[in-house]
Amino acid sequence: GQSLEQPSEVTAVEGAIVQINCTYQTSGFYGLSWYQQHDGGAPTFLSYNALDGLEETGRFSSFLSRSDSYGYLLLQELQMKDSASYFCAVTEGYGQNFVFGPGTRLSVLP
Amino acid sequence: NAGVTQTPKFRVLKTGQSMTLLCAQDMNHEYMYWYRQDPGMGLRLIHYSVGEGTTAKGEVPDGYNVSRLKKQNFLLGLESAAPSQTSVYFCASHENTGELFFGEGSRLTVL
């Protein structure tokens, strides 16, 4: 079966940098993606890694190490609007199946 | 460009009633998914489809049925609703990339 682990909660202050880790156990790994979800809203795509290394998209970066079954999402220059839940998701089976982690609730304090 | 549209957005059912949730996407995506999300939890896959006329079971398929008669539509059915099916349901689609496009969600309460 598949399993993903993330910290349940992270707290940081405005302007800071925060890293949210994700470890996974799965068969047929294809890629790792990250989604943001505000309370009452739908998940929205942030980043995707199919290969080892760092992907940068504005203030957000995502990293993947396939050999370690590990990835992280890095959020820089935190803003109040970044307070949300963040989910990692493993893509399996040649992109057919997405399995989500339990989510990390990020609180950004003034 | 509407993306992924779910109807209805809210519904209250009594135990034993049936209903269908409709998901429509206008991006010509092959892959479509139905997830459920319970308070404070992640998304769990119910069923998915890799193309018109195909469906497959996900992690929590019991009590649900699906159909993909047209490429742009993916229907989720509850034949006999139970209180345990109270949840927020999200439809999503993608085209063999890492990016899932989600609908706004359908909030279902079963009394």
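Contact annotation: residue pairs with Cβ atoms under 6 Å, 6 or more positions apart or on different chains, pairing a residue in the stretch A:3-14 that is within 13 Å of residue A:109 (Cα to Cα) with a partner that is loosely packed, with under 15 Cβ neighbours inside 10 Å and small (Gly, Ala, Ser), are A:11/A:107. The residues of the stretch B:66-83 that are more than 18 Å from residue B:8 (Cβ to Cβ) and among the small types (Gly, Ala, Ser), listed by number, are B:80, B:82. A single entry from A:73, A:32, A:54, A:78 fulfils the requirement of being over 25 Å from residue B:55 (Cα atoms), within 14 Å of chain B (Cβ to nearest Cβ) and of a type outside the set (S, T, N, Q): A:73. If you go through the stretch B:30-55 and keep only what is within 8 Å of another protein chain (Cβ to nearest Cβ) and either outside any loop (DSSP other than H, G, I, E, B) or of a type in the set (A, V, I, L, M, F, W, C) (or both), you end up with B:31, B:33, B:35, B:41, B:43, B:44, B:45, B:48, B:50.
Answer yes or no: is there a residue in the stretch B:90-105 that is in a loop (DSSP other than H, G, I, E, B) and in contact with a Cys (Cβ under 8 Å, 6 or more places away or on another chain). Before the answer, list the steps.
Of the stretch B:90-105, the ones in a loop (DSSP other than H, G, I, E, B) are B:95-100, B:103-105.
Applying the additional criterion that residues be in contact with a Cys (Cβ under 8 Å, 6 or more places away or on another chain) yields B:103.
Yes: one or more hits.
Across the stretch B:61-89, the number of residues qualifying as at negative phi, in a loop (DSSP other than H, G, I, E, B) and exposed (fewer than 15 other Cβ atoms within 10 Å of the Cβ) comes to 6.
Taking the stretch B:1-29 as the search range and keeping residues that are within 14 Å of chain A (Cβ to nearest Cβ) and crowded, with 17+ Cβ neighbours inside 10 Å, which one is modelled with the lowest pLDDT? Give the steps one after another, and end with the answer.
As a first pass, look at the stretch B:1-29 and keep what is within 14 Å of chain A (Cβ to nearest Cβ): B:2-6, B:9-10, B:23, B:25, B:27, B:29.
Still in the running and crowded, with 17+ Cβ neighbours inside 10 Å: B:4, B:6, B:23, B:25, B:29.
Values: B:4: 97, B:6: 97, B:23: 98, B:25: 97, B:29: 94.
It comes out as B:29.
The values are calculated or read from the model by the stated rules, or taken from the named source; none is laboratory data. Just so it is clear, the structure is predicted and the values come from calculations on it, not from any experiment. Glycine gets a Cβ as well: all are built from the backbone with ideal geometry, and neighbour counts include every protein chain shown.
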